[in-house]
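K.L.:
Please find one structure pasted underneath; my questions will follow.
The values are calculated or read from the model by the stated rules, or taken from the named source; none is laboratory data. Model, not experiment: these values are computed from the prediction. Cβ coordinates were reconstructed from backbone atoms using ideal geometry, including for glycine residues, and neighbour counts include every protein chain displayed. When the accessible area is computed, the model is the full protein with side chains, heavy atoms only, and any ligands, DNA or RNA have been set aside. Shrake-Rupley method; radii C 1.70, N 1.55, O 1.52, S 1.80 Å.
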Amino acid sequence: MEKIRRLRVEINGAVQGVGFRPFVYRLAKSLELRGWVINDTRGVFIEVEGAQPALASFLERLPKERPPRSIIHRLSADWLDPIGYTAFEIRHSDEQGQKTALVLPDIATCSECLAEVFDPANRRYHYPFTNCTNCGPRFSIIEALPYDRPNTTMRRFAMCAECQTEYENPADRRFHAQPNACPVCGPHIELWTQGGVVLSKGEAALAQAAAALRKGEIVAVKGLGGFLLMADAGDNAAILRLRQRKPRRDKPFAVMVADLAQAHALCEIPSQAEKLLTSVEAPIVLMQRKMHAPISDQVAPGNPNLGVMLPYTPLHHLLLRGFGSPVVATSGNLSDEPICTDEHEALQRLAHIADCFLVHNRPIARHVDDSVAWVVCGEARLLRRARGYAPLPVLAHHDLPPILAVGAHLKNTVALSVGRQVFISQHIGDLETPEALAAFERVIADFLRLYETTPIAIAHDLHPDYLSTRWAQQQGGQLIAVQHHHAHLAACLAENGTDGPALGVTWDGTGYGTDGSVWGGEFLLGGTAGFERIAHLRPFRLPGGEAAIHEPRRTALGLLWEMEGEALLERDIAPIADFCSSDRHMLVQMLKHGVNTPQTTGAGRLFDGVAALLGLHQKVTFEGQAAMSLEFSADTSVTDAYPLPVVSQVSSATTEAARPRCILDWQPLIEAVLDDMERGMAKSVIAARFHNALVNAIVEVACLAGVEQVALSGGCFQNRLLTERATQRLGQVGFKVLLHRQVPPNDGCIALGQVAVAAARLRG
Ligand code: ZN
Ligand code: ZN
Ligand code: FE
C-alpha cells in the first residue's frame, strides 16, 4: 500500500481575492487529496493529505496553474505525518497574526463578466456592478484584512439566494468573489440633479446620463475609486465649459472610449500600447494622436499625444456604449485636489462643475485615481500610479525594517516597508490644499491600520517647509531626512534591484539641496547609502522665486542676467518684450540686489527658459507646459547639438580629497540659441539641438563618473525625446541604463526612494 503523508504549504504574495482558495480546492479534489485551505492575514495556508505522488504533483502544479491574477512571492512546504483528514474543505479566514497578505488593486471587468452584462438572457444583463473572482473592485472597497466580504464596503449588501449559491460553489467563477452582486441584492445607480434630487434610477438613469452628455452637459460619474467628470469629447463647447468650471485652462484631459475600435480612430496604437490599454490594470495610456482624430481640439490643446483608456467597470462600459462615442473623463476634483469619493460630498465639491450626478450606493473605501502609463524605450512605464497598480508593493532585494516615508510635496505618494515589500500608496496629489493634506493623513492612517505596522522611523524630504516634512516632525520618534534627488536616485535603484553604485542623473524642476539652495539639474554619484554631487547645471537666479514656475519668461530673464547683466534690457526678444516696462525694470533691480531671486540648478527651469526664448510660452497654466512644448516642437531628424561644456571647478577647499565638481555651463548653449534665432533658424531645429546638447552632456558626465550604471530619474525624464535619446546614447557607449518602470520618474517615486535611503542609514 502507498504511504500516506501530509503536506503543509504556506504561500505569500497576491493570493487573496483572486480565486486562489477555489483553485486549491479544485486541484486537491482532482488529486483526491484531503485537508483544508485557509486565508489568513499573511497569505494562504494549505494542509493536504494523500499518497506521496499525488502530493508531489499538487506541489508542482500549485505555482504552475495558479489563477491568472495571483502573484506568489514565497511558497514553503513541510512534509508531516498524516492525521487522518476525511475530506477537503475551505476553512474560514483566520484574522489573527501579522498582516502581510497583499491587498490587491482593483481589476478591470473580465471578458466573461462583460459578456454576461450584454447578454439579454443573463440575470446580470445591464447590471453595472457585475464582477467575479477574476475581476472587479478590491483596493477601493477593502476596509480591513483579511479580504472577506464583512471587511469590505459590500458588507451592507446581503447576498440573495442565487448569489449566495454562486459564492459557495467551488466550481463557480464567483466562488468567494467578495463583491459578488446582482440586480436583486447588490448596489444600484441613480441620476441626481445638482441639488441631489433623484431624476431616474437603474437603466433609465444610464439612458438619461447618456442623453445629458449628448446635450453637451457635464456628468459627474461615481465609479470605482472616485468621481470622474465626463463630457462629450467631440463637443467643443462642452469641453470649454468643463475647462472654465474646473478650472483647467490647457492641461490635457484623458478620454474614455467604448472599445478598441474607437481608440484606434483616435490614436496610433503600437502593439505594446494596445497590450497596456487592454491590460487588467486598464490605465490611461498616452499615445500619438491621429491627425484627423474625431475629437475636439480642446481635449489636449497643442499636444500631439492623447491619453486614452477603456471602460474598466460594467458601469463605464454601459455608459460608453449607450453614449456611442468618446468622452472626456477627468478626475472629479478641483485642479490638484484629491478625487472626490462620496456622492454627498460630490454635491458640495463638484456642484459648480457638473450638471448632473450619476451615483451609486456602494461606498468607496478610499480614493484611487486612474493611473497614467505609456510605452517608452520599448517598455510600459508609469506617469501616475494608482488604480490597477496601488497598493501592490515594489519588492526590495533584501529585508527592510518597517519605515514610513511621507514623500515629497507635489504628486505626493507615501510608502511603508514590511519585510521585502515596499507598499506604495496611490497617487495623493499636490499637498497644497486642506483636502490634499487630509487625504495624505488618511492614506497614512489607512496604511498603518491595514498592515498593522508600527514604523521604527519616518523618512521625509530635506525641505523644512514641505507639509509632509512638518507632519513627520509632529509625529516625533526617529526621523530621517532624505535629500530629494538622492531619493530619486534611490527609488530608481530600488526598483531595478540594486543599491548602486550608479550615476544618478536626477533632473527636475526643484528639490531642496544639502546646501539649502534649489537643486534640480543634478549628477549624483553613489547609491542607496550615500552620494557625491559630482556635477550640476551652472546655477542661475529666478526673479520672484516660485513665480518663475508659472512664468517661464522670468527664467529666461534670470539666464540672460547671468550672461550679460543689465544689458539684457536692450534685447528685442519675446520674453523681454512680454513684460511691461515697469515689471521688466523692477525684476532687473531685484536681480541686481539679490532680492527674492533664489539660485537654482533646476533642469526643468532651463527647459522653461529656452521655451520662453523661442516664444513658445511666456506664462503657463500647469507645470511642465513650456518644457512639453519645447519637446513637441523638436525636429527629431536633427542630430547636431549646441555646445554645453562640462567644466571642472577648481575647489578652493584643498583639504577635500574629493574630485573637482563639474558644472554644465549653459551659457554657450543659450548664446547659440540666440544666434540661431537671429539667423531665423526654425524653432524645430533649435529645440532639437537643445535636447541633443543635454544628451551629450549626460554622456560626457557618465564617462567622467567611472561607474557602469546610469539611473535616470526626475520629472524631466517624462520627456520622451530626452529619455529615449539619452538611453540610446548611453547604451551605445556601454553603460547600463536604469529607468523607472513600476513608479513614475516624477515625485511620485520619492517615497520609495526615501524608504530605501532610510533603510540604508539604519543599517549604518
Ligand atoms: Zn469577471
Ligand atoms: Zn444577488
Ligand atoms: Fe523631483
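K.L.:
Taking a probe of 1.4 angstrom, what is the accessible area of SER111 in Å², to the nearest 10?
P.N.:
Here the residue's solvent-accessible area equals roughly 90 Å².
K.L.:
Hey, what number do you get for the chain at 222 nm if only DSSP H runs of n ≥ 4 count, each worth -39500 (n - 2.57), divided across all residues, to the nearest 500?
P.N.:
Helix contribution divided over all residues of the chain: -10000 deg cm²/dmol.
K.L.:
Please list log₁₀ I(q)/I(0) at q = 0.06, 0.07, 0.08 Å⁻¹ for the chain, using the Debye equation with identical point scatterers on the alpha-carbon positions.
P.N.:
Those come out to -0.40, -0.54, -0.70, one per q.
K.L.:
Related question: Label point 7 Å out from ARG442 along Cα-to-Cβ: which residues of the stretch 309-348 have amide N under 11 Å?
P.N.:
Counting only backbone N, you get 338-343, 345-346.
K.L.:
Going by the alpha-carbon gyration tensor, a ≥ b ≥ c the square roots of its eigenvalues, is the stretch 621-764 rounded (a/c under 1.5) or, if a/c is not under 1.5, prolate (a/b greater than b/c) versus oblate?
P.N.:
oblate
K.L.:
Report, please, the projected area of the stretch 189-360 averaged over directions, based on the convex hull of its C-alpha atoms, in nm².
P.N.:
Convex hull of Cα atoms, orientation-averaged projection: 8.8 nm².
K.L.:
Let me ask something else about it. Quote the relative contact order of the chain in percent (integer), defining contacts as alpha-carbon pairs under 8 Å separated by 6+ residues.
P.N.:
Value for the chain: 11 percent.
K.L.:
Quote the charge dipole size of the stretch 103-186 about the Cα centre in Debye, to the nearest 20; the model charges only the Cβ of Lys and Arg (+1) and of Asp and Glu (-1).
P.N.:
With Lys and Arg at +1 and Asp and Glu at -1, about 180 debye.
K.L.:
Where in the stretch 584-611 is the amide nitrogen less than 19 Å from a point lying 7 Å along the Cα-to-Cβ axis of ARG249?
P.N.:
Taking a point 7 Å out along Cα→Cβ of ARG249, the residues of the stretch 584-611 whose backbone N falls under 19 Å are 584, 605, 607-611.
K.L.:
On the protein heavy atoms, probe 1.4 angstrom, tell me the percent of accessible surface of the chain carried by carbon and sulfur. If you can, show how the numbers build up before the last one.
P.N.:
Values: 14110 of 28010 Å².
About 50 percent, which is the carbon plus sulfur part of the accessible surface.
K.L.:
Now, a different point. In terms of modelled amide H atoms, which long-range or inter-chain residues lie less than 5 Å from the amide H of VAL15?
P.N.:
The answer is ILE71, LEU102.
K.L.:
Right, here's the next one. Arrange the residues HIS188, HIS460 by how much accessible surface each exposes, largest first, with a 1.4 angstrom probe.
P.N.:
HIS188, HIS460
K.L.:
Taking a ≥ b ≥ c as the square roots of the Cα gyration tensor eigenvalues, with a/c under 1.5 meaning rounded and otherwise prolate when a/b beats b/c, else oblate, which class fits the stretch 148-277? All intermediate terms of the calculation are to be shown ahead of the outcome.
P.N.:
Numbers: a/c = 2.51, a/b = 1.51, b/c = 1.67.
In terms of gyration-tensor shape, oblate.
K.L.:
Out of the DSSP beta bridges found with both residues in the chain, what percent are antiparallel (nearest 5)?
P.N.:
75
K.L.:
Modelling each spin label as a point 7 Å along the Cα-to-Cβ direction, I'd like the GLN474/ILE72 distance in nm, to one decimal.
P.N.:
4.6
K.L.:
Using a simple charge model, +1 on the beta-carbon of Lys and Arg, -1 on the beta-carbon of Asp and Glu, nothing else, what dipole does the stretch 4-90 show about its Cα centre, in debye to the nearest 20?
P.N.:
The dipole magnitude comes to about 300 debye.
K.L.:
If r is the Cβ-Cβ distance from HIS264 to ASN169 and R0 is 35 Å, what FRET efficiency results, to the nearest 0.05?
P.N.:
Details: r = 39 Å, r/R0 = 1.13.
Step by step, r from the Cβ atoms, then E = 0.35.
K.L.:
Right, another one. Using label points projected 7 Å from each Cα along Cα→Cβ, tell me how many nm separate ALA121 and LEU704, to one decimal.
P.N.:
7.3
K.L.:
Give the long-range amide H neighbours of ILE218: residues separated by 5 or more places, or on another chain, with amide H under 5 Å away, using H modelled in the peptide plane at 1.01 Å from N.
P.N.:
ASP355, CYS356
K.L.:
A follow-up question, please. What is the gain in length, in nm to one decimal, between GLU143 and THR86 on full extension, counting 0.36 nm per residue of separation less the C-alpha to C-alpha distance?
P.N.:
That works out to 17.0 nm of additional length.
K.L.:
Moving to a separate point now. Any chance you could tell me what percent of the C-alpha pair distances in the stretch 691-764 go past 21 Å?
P.N.:
Value for the stretch 691-764: 35 percent of Cα pairs lie more than 21 Å apart.
K.L.:
Same structure, new question: Taking the Cα-to-Cβ direction at THR636 and at HIS593 and moving 7 Å from each Cα, how far apart do the two end points lie in nm?
P.N.:
5.0
K.L.:
Take the Cβ-Cβ distance between CYS580 and LEU674 as r, set R0 to 35 Å, and report the resulting FRET efficiency rounded to the nearest 0.05.
P.N.:
0.95
K.L.:
Right, here's the next one. Using only protein heavy atoms and a 1.4 Å probe, report how much of ARG366 is accessible, in Å² to the nearest 10.
P.N.:
Estimated to the nearest 10 Å², ARG366 gives 20 Å².
K.L.:
Write down the accessible area per residue of the stretch 232-361 in Å², having rolled a 1.4 Å probe over the full set of protein chains. All intermediate terms of the calculation are to be shown ahead of the outcome.
P.N.:
Numbers: 4840 Å² over 130 residues.
Per-residue accessible area for the stretch 232-361 comes out at 37 Å².
K.L.:
Let me ask something additional. Work out, step by step, the length gained on full extension between HIS344 and ASP465: first 0.36 nm times the residue separation, then minus their alpha carbon distance; give nm to one decimal.
P.N.:
On the way: separation 121, 0.36 × 121 = 43.56 nm, distance 3.37 nm.
My answer for the length gained is 40.2 nm.
K.L.:
Give me log10 I(q)/I(0) at q = 0.11, 0.12, 0.16, 0.21 Å⁻¹ for the stretch 103-186, Debye formula, one equal scatterer per alpha-carbon, no solvent.
P.N.:
Those come out to -0.26, -0.31, -0.56, -0.99, one per q.
K.L.:
What number comes out for accessible area per residue over the stretch 4-90 if the probe is 1.4 Å? Units Å², please.
P.N.:
Numbers: 3610 Å² over 87 residues.
Accessible area per residue, the stretch 4-90: 42 Å².
K.L.:
Something else now. Binned at 10 Å from 0, what are the whole-percent values of the Cα-Cα distance distribution for the stretch 419-494, short to long?
P.N.:
16, 49, 35, 1
K.L.:
Report, in listed order, any pair from LYS3/LYS64; LYS251/LYS683; LYS251/LYS592; LYS64/LYS222; LYS411/LYS619; LYS222/LYS275 with a Cα-Cα distance greater than 31 Å.
P.N.:
LYS251/LYS592; LYS64/LYS222, as the Cα separations exceed 31 Å there.
K.L.:
Shifting gears a bit: Given R₀ = 60 Å, FRET efficiency for SER271-ARG449 by Cβ-Cβ distance, to 0.05?
P.N.:
On the way: r = 42 Å, r/R0 = 0.70.
So the FRET efficiency works out to roughly 0.90.
K.L.:
A further question follows. Which length gain, in nm to one decimal place, applies between SER684 and GLN732 when the Cα-Cα distance is subtracted from 0.36 nm times their residue separation?
P.N.:
14.7 nm
K.L.:
Specify whether the C-alpha gyration tensor of the stretch 204-244 places it in the rounded, prolate or oblate class, a ≥ b ≥ c being the square roots of the eigenvalues: rounded for a/c under 1.5, otherwise prolate if a/b is larger than b/c and oblate if not.
P.N.:
oblate
K.L.:
With charges set only on the Cβ (+1 for Lys and Arg, -1 for Asp and Glu), what does the dipole of the chain come to about its Cα centre, in debye to the nearest 20?
P.N.:
1120
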